[in-house]
Amino acid sequence: MTRPISPAAGQPKGRRPLGSLIWAGLSLMLLTGALATRSAGADTHTDDGYRLWLRYVPVQGEWLERYRRSVSELIAANARGPAARAPAALSPTLRVAQAELVRGLTGLLGTTPPLAPDVTRDGAIVFGTPASSALVRRLPLALSRVGDEGYIIRSVAIAGHRATVIAGNTDIGVLYGAFRFLRLMQTRAPLEHLDIASSPRIRRRVLDHWDNLDGTVERGYAGDSLWKWDSLPEHLSPRYADYARACASIGINGAVLNNVNASPFILTPLYLRKVAALAGVFRPYGIRVYLSVPFSAPVTLGKLSSADPLDPKVRAWWAAKVAQIYRDIPDFGGFLMKANSEGQPGPEDYGRTQAQGADMLAQALAAHGGILMWRAFVYSTGAHSEDRARQAYDTFKPLDGRFADNVLVQVKNGPIDFQPREPFHPLFGAMPHTNLMLELEVTKEYLGQQTSFVYLGPLFEEVLRADTWARGAGSTVARVIDGSLYGERLTAIAGVANIGSDRNWCGSIFNQANWYVFGRMAWNPDLSARAIAAEWVKMTFTSDPRFVQPVVRLMMGSREAAVDYMTPLGLASQMAAGTHFGPGPWVAPGKGMPPDWSSTYYSRADAAGIGFDRTASGSDAVAQYSPHVAAEFSHLATCPEDLLLWFHHLPWDYRLRSGRTLWESLVLHYDRGVAWVQQARGTWRGLSRYVDPERYRLTADFLAIQQKDAQWWRDASIAYFQSISHRPLPAGVAPPPDTLAHYEAFCIPYVEGSPGAGPACPPADVSVPR
Ligand code: GCV
């Protein structure tokens with residue numbers, strides 16, 4: 001965002017086909033004229049997506065007139081004080097706020113508003129805190145209601161002039177307010193009678209980067225890591241500030257820099273200097289850094305004989321390490337820990353509980369105001385083979401109340417692992433005496449990865465609105481994690497980032513919407529996915545309703561379409577092993593494949609039927625929910641059909657509410673998913689005149705890939721399940737064009753973001769099924 005770079009710059013080699021380079025070149029040549037006027041109100045200048053939703057393209061027509069009347073000059077903080085004349089005296093955060101307002105208003109209005117020392121005319125924008133601005137101090141804003149990160153934006157009269165004040169108790173509140181003010185204009189909201197008070201419902205709003213120190217990103221589909229460890233701390237890429245700015249624009253205030261499968265090197269002085277440098281760049285944007293740490297660090301790094309959390313030497317080692325970190329990074333956020341999970345070490349290796357392990361780190365961090373995010377995603381393959389979905393609850397529920405005040409137990413949205421659809425995690429309704437935080441996956445590991453058009457807003461909304469019934473109706477997951485249900489003071493939410501070194505940050509334009517919706521829902525978990533989608537579309541493309549409405553409709557339908565062609569009716573974990581890309585419903589335990597990493601373990605498809613019985617007659621995982629929810633899921637009459645096979649094993653001929661059999665419905669879901677993608681392509685094609693050529697083409701090409709992927713999923717899944725159900729296809733449904741053996745033999749050996757050195761499968765000389 002700081003430099004105009006040619007569209008191809010920063011794009012890893014080999015990721016952009018020649019065709020798209022030609023497109024980009026062509027569009028640059030045409031930039032000056034014809035294309036930009038293809039549609040009134042639409043900005044169709046070439047765009048590589050780097051600017052995300054912070055594009056600030058010129059407002060036109062009536063809105064421009066209105067906005068120019070409301071915005072005439074900027075009054076920096078400290079009116080009448082020296083800072084109004086000397087911007088260098090502003091705090092770094094207020095300088096960022098001022099720069100953002102200047103940049104945004106210049107872009108939107110086509111002229112740079114003058115910086116004035118005091119209000120001199122109608123349309124003044126006054127911004128600051130009571131401490132930094134005498135004007136803000138004198139206004140009766142009742143700022144105490146917005147806390148230490150919130151803001152107030154209000155239309156006021158100052159010295160007989162119409163003005164707008166953007167105020168916070170803290171500088172970061174002002175920065176958030178500045179972004180909100182610009183968003184009002186980007187989304188064409190009136191500015192005349194503003195009275196907005198907003199503060200975040202959740203205190204720690206964190207992106208978890210699964211970035212490795214070798215530059216790769218686990219489950220990352222947007223290039224390499226953004227963090228260039230080799231050139232840090234000396235070289236600070238401009239992208240670091242651009243990243244922080246984008247995060248701040250949606251209220252994200254924390255970043256875990258490294259993979260939860262953590263390397264001990266991150267705790268060495270060599271890397272801590274690099275971490276401190278990043279923390280320095282992020283600080284003005286209100287973003288603290290956190291680190292993932294390996295439980296075994298006292299052994300691997302400290303050369304102790306044990307990492308036992310009750311061993312005083314181990315505790316002293318951690319205390320010293322934490323003190324070392326805080327010497328260089330005084331506002332360091334804390335640690336994220338993955339322990340006793342997928343082969344990672346943890347307290348259970350020493351016969352200690354998860355709470356004992358957490359306590360050791362919590363104490364070390366508490367001395368400096370740090371927090372600990374301790375993951376509940378704890379399992380070892382094979383250990384809980386009757387039902388892995390039970391394991392986190394069985395491990396953590398007995399520990400409720402045993403975690404220190406500065407610990408949050410970080411719980412994934414569902415009990416298995418970020419599937420296209422899961423019920424909410426039962427722990428949300430089960431730990432009233434523990435700070436619980438929600439972990440969402442913004443990167444689309446199980447949802448088609450880089451190329452699929454899947455907006456995650458509806459998935460996030462579904463879990464946030466899910467009712468645990470822990471304290472009667474209305475005990476939603478949102479109220480558990482924002483602290484309003486049990487009164488916790490430390491609250492948090494994490495999203496596994498989908499950001500990498502790709503020029504457009506997220507691998508595709510529409511993946512940017514998932515970063516955006518995570519931040520917006522972290523700020524206010526009651527916001528609707530639809531409203532956020534509309535906001536994002538207007539900021540990212542155009543506010544022309546002829547574009548906004550169909551695109552929002554597409555976004556809102558996209559997740560359900562992916563569920564339809566991948567894992568309908570409550571199925572889960574049917575992806576190819578390892579890469580989690582493409583179908584693999586036939587993946588069975590054995591030959592190094594543990595049961596709970598296989599697909600057949602989850603589908604339980606047999607001649608009699610399909611689905612995982614988690615009722616009292618099966619694993620009874622349903623009993624982990626409160627009685628009201630357990631009863632709803634247990635009974636076929638009340639179990640939501642989109643979770644049917646998650647909780648029940650049912651005969652192929654079981655009749656659904658539609659009157660169709662389970663088998664027929666399954667097949668029709670796969671077909672419906674494919675049809676949706678085909679229609680989406682048509683819709684997008686019809687919208688080309690509203691979009692610049694580069695972003696249009698990228699999205700169109702990716703939709704074409706998605707159509708093939710959806711067809712592949714549908715054909716392979718039907719071929720596999722039909723080999724078990726032995727039922728005919730419903731009338732009019734096309735049979736899969738290839739044999740099951742063919743689908744089973746086909747595999748994509750290398751998928752970006754998949755851990756592991758070798759190919760995911762042996763070579764097979766079979767034709768592409770898609
Ligand atoms: C970082 C899933 C992913 C792993 C990930 C793990 C986790 O299993 O496939 O790549 O590891 O979740 O959340 O720890």
Report task. For segment 489-517 and segment 192-233, compute the distance between their C-alpha centroids and round to whole Å. Result -> 7 Å
Query raised in the report: Taking Cα centroids, how far is segment 350-382 from segment 699-770 in Å?
Result: 41 Å
Report summary line: Helix-only [θ] at 222 nm, the chain, -39500 (n - 2.57) per DSSP H run of 4+, per residue, nearest 500, equals -11000 deg cm²/dmol
Query raised in the report: By per-residue mean of other Cβ atoms within 10 Å, what is the highest-first order of 223-233, 508-518, 207-217, 729-739?
Result: 508-518, 207-217, 223-233, 729-739
Report summary line: Helix 238-249: inclination vs the chain longest Cα principal axis, degrees, rounded to 10, gives 90 degrees
Query raised in the report: Remind me, relative contact order of segment 708-768 in percent, using alpha carbon pairs under 8 angstrom and six or more residues apart?
Result: 28 percent
Query raised in the report: Ranked highest first by the average count of other Cβ atoms within 10 Å around their residues, in what order do 654-662, 263-271 fall?
Result: 263-271, 654-662
Query raised in the report: Hey, what angle do you get for helix 354-366 against the long axis of the chain, alpha-carbon based, 0 to 90 degrees rounded to 10?
Result: 10 degrees
Requested in this report: Quote the convex hull volume per residue of segment 580-647, based on C-alpha atoms, as a whole number of Å³.
Outcome: 119 Å³
Report task. Report the normalised scattering of segment 239-331 as log10 I(q)/I(0) at q = 0.18, 0.20 Å⁻¹, calculated by the Debye formula with identical scatterers on the alpha carbons. Result -> -0.82, -0.95
Query raised in the report: Peptides 275-287, 756-768, 613-625: what's the order by average Cβ count within 10 Å, highest mean first?
Result: 275-287, 613-625, 756-768
**Report entry** Alpha carbon convex hull of segment 667-770, projected area averaged over orientations, nm²
**Finding:** 8.9 nm²
Report task. Enumerate cysteines in the chain without a disulfide-compatible partner, where compatibility requires another Cys Cβ under 4.7 angstrom. Result -> 247, 506, 639
Query raised in the report: Debye sum, Cα scatterers, segment 407-532, no solvent: what log₁₀ I/I(0) at q = 0.11, 0.20 1/Å?
Result: -0.36, -1.09
Requested in this report: Kindly express, to the nearest 10 degrees and within the range 0 to 90, the angle between helix 545-566's C-alpha long axis and the longest C-alpha principal axis of the chain.
Outcome: 30 degrees
Query - Inter-probe distance in nm under a simple model that places probes 7 Å from Cα toward Cβ, at residue 739 and residue 313 - result: 6.3 nm
Query raised in the report: Roughly what percent of Cα-Cα pairs across the chain reach past 40 Å?
Result: 36 percent
Query raised in the report: Which whole-number percent is the relative contact order of the chain (Cα, under 8 Å, 6+ apart)?
Result: 13 percent
Query raised in the report: In whole Å, how far is the Cα centre of segment 93-168 from that of segment 440-473?
Result: 36 Å
Requested in this report: Calculate the translational D of segment 357-424 in whole µm² s⁻¹ from Stokes-Einstein, where the hydrodynamic radius comes from the Kirkwood formula applied to all Cα pairs, the temperature is 25 °C and the viscosity 0.890 mPa s.
Outcome: 184 µm²/s
Report task. Please name whichever of 52, 592, 365 sits farthest to the positive end of the charge dipole of the chain, dipole taken about the Cα centre and charges placed at Cβ: Lys and Arg +1, Asp and Glu -1. Result -> 52
Query raised in the report: Among the aspartates and glutamates, which fall within straight-line cross-link reach of residue 338, defined as a Cα-Cα distance under 16 Å, with same-chain neighbours fewer than 8 residues apart omitted?
Result: 208, 211, 218, 308, 348, 349, 359, 417, 439, 441
Report summary line: Among trypsin sites (Lys or Arg not before Pro) in segment 416-515, those in a DSSP loop whose Cβ has at most 13 other Cβ atoms within 10 Å are 489
**Report entry** Contour excess over end-to-end distance, with Cα ends at residue 326 and residue 121 and 0.36 nm allotted per residue
**Finding:** 69.1 nm
Query - Convex hull of Cα atoms in segment 133-212, direction-averaged projection (nm²) - result: 7.0 nm²
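We did not get these values from a lab; they are worked out from the coordinates using the rules stated. Here the structure is a predicted model, which means the values were calculated and not measured. Please note: Cβ atoms are built from the backbone with ideal geometry, for glycine as well, and neighbour counts cover all protein chains shown.
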